[in-house]
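Please treat every number below as a calculation from the coordinates, not as lab data. Remember, predicted model here, so these are calculated numbers, not experimental data.
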Amino acid sequence: MDVELIGREDEQRVIRQSLVAMREGHGALILISGEIGVGKSALTAWLAAHARDAGDIVLSGASFDLSLIPPYGLWIEIAQSWPAIPDVPPLTAILRGEHSGVISQADLFQPL
């Protein structure tokens, strides 16, 4: 993806470097934060498109009002967008959304 965001060249450079490192087996967490209206969503959309264009799997979820989201709801939403991949075990029933809800971490991370 060749589109550049105005004023985000440093952030895009860091993201590109992080994606290269990830593909080489060195994952990391990238936290995008800032005030309302500074372009977090645009940068995140750019990151997702850039990664998809390179063939990476991109999972996403959203949470706006934490009082309305069930425990681990964001992680379940993210997991439900996980594509079927050969040689990767299937998700548990909870992560596929086939359970009434997560009660504890033990429920979320139960063995297959």
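What the table below lists for this structure:
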| read-out | value |
| --- | --- |
| Amide H contacts of residue 72 (H built 1.01 Å from N, under 5 Å, at least 5 apart or other chain) | none |
| Note, ³J(HN,Hα) from phi for the range 72-88, Karplus 6.51, -1.76, 1.60, rounded to Hz, x at Gly and Pro | 6, x, 4, 5, 5, 4, 4, 4, 5, 8, 5, x, 5, 10, x, 6, 10 |
| The range 42-47 - phi-based ³J(HN,Hα) in whole Hz, Karplus 6.51/-1.76/1.60, Gly and Pro as x | 5, 5, 5, 4, 4, 4 |
